[in-house]
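This report refers to the structure that appears directly beneath it.
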Amino acid sequence: MKKARVHRAGGKICSFEGCGKPHHAKGLCRAHRVQQLEGRPLKPLARSQLTKVEYAAIVQAGVHTCRSCSDLLPLTEFYRKGPRISMACKVCTQDQVTARSFGFSDIDELVIFRLKHRNKCGICGYREGSSERNKRLAIDHDHTCCPEPGRGCQKCIRGLLCARCNPMIGYYELLPKEMRTWDVVNKYLARGAAAPIE
């Protein structure tokens, strides 16, 4: 608290061009200092909220540009934060949550993982279509490593699965070994963690 008061009284701001946030340490605001400490290149910070004038213009137009994927989308494609819409679309917001839950450093790393698996279900081959924004393939992971649903680590991620194959494989793995005779699924499970599909 004392440091914060000193910075406010001194009127120092972040030295990153165009930032304007209060100084925190080493000439940077808190967010840019975190970027520096993590060894990332310093980038402009994403705005967390729109002004009233900007929001009114967006509501009138009925469309908004996602700050993450830069797609111009109808307002139904955005979550609402109270009376306002979020800055990122639903798909990008879900990807941010997925990236954090499975130990990816950022959305870009998650996108690379999806491309490596060709946005394709590792069992049935269903391919995620660009027009089906909300029908994303689920990230499959070995529950013996990370048992919590929807969370995993880089060691236990196995691939991408569609909405039909994802719950099916959970039941399949509960079967006694002598009953697991489905070659396609066995081949998928034998590929190992995060191996790209053939």
**Report entry** Total charge dipole magnitude, the chain, about the Cα centre, Cβ charges on Lys, Arg, Asp, Glu only, Debye to nearest 20
**Finding:** 1080
Report summary line: Between the Cα axis of helix 52-61 and the main Cα principal axis of the chain, the angle (0 to 90°, nearest 10) is 50
Query - Most mobile of Gly159, Gly18, Gly62 in a GNM of the chain (Cα contacts under 10 Å) - result: Gly18
Report summary line: Over the stretch 18-118, the quotient of the Cα radius of gyration and 2.2 N^0.38 Å is 1.25
Query raised in the report: When the Karplus curve 6.51 cos²θ - 1.76 cosθ + 1.60 is applied with θ = phi - 60°, which whole-Hz ³J(HN,Hα) does each residue of the stretch 25-31 get, with x for Gly and Pro?
Result: 7, 6, x, 10, 6, 4, 5
Query raised in the report: Who wins for biggest fluctuation among Glu148, Glu38, Glu77 in a Gaussian network model of the chain, springs between alpha carbons below 10 Å?
Result: Glu38
Query raised in the report: Residue-wise, which Karplus ³J(HN,Hα) couplings in Hz belong to the stretch 93-106, taking 6.51 cos²θ - 1.76 cosθ + 1.60, θ = phi - 60°, and x for glycine or proline?
Result: 5, 5, 5, 4, 5, 4, 4, 5, 5, 10, x, 7, 5, 6
Requested in this report: Name the long-range amide H neighbours of Leu28: under 5 Å, sequence gap of 5 or more, or other chain; modelled H, no Pro or chain starts.
Outcome: Ser15
Requested in this report: Search the structure for amide H atoms under 5 Å from the amide H of Asp142, placed 1.01 Å from N in the peptide plane, and list their residues when 5 or more places away or on another chain.
Outcome: Ile157, Arg158
Report task. Give the angle, between 0 and 90 degrees and rounded to the nearest 10, that separates the Cα long axis of helix 107-116 from the longest principal axis of the Cα atoms of the chain. Result -> 30
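Quick note: the coordinates plus some simple rules give every number you see, no bench work behind them. Please read these numbers as outputs of a predicted model, since none were measured by experiment. Neighbour counts are summed over all protein chains in view; Cβ atoms, including those assigned to glycine, are modelled from backbone coordinates with ideal geometry.
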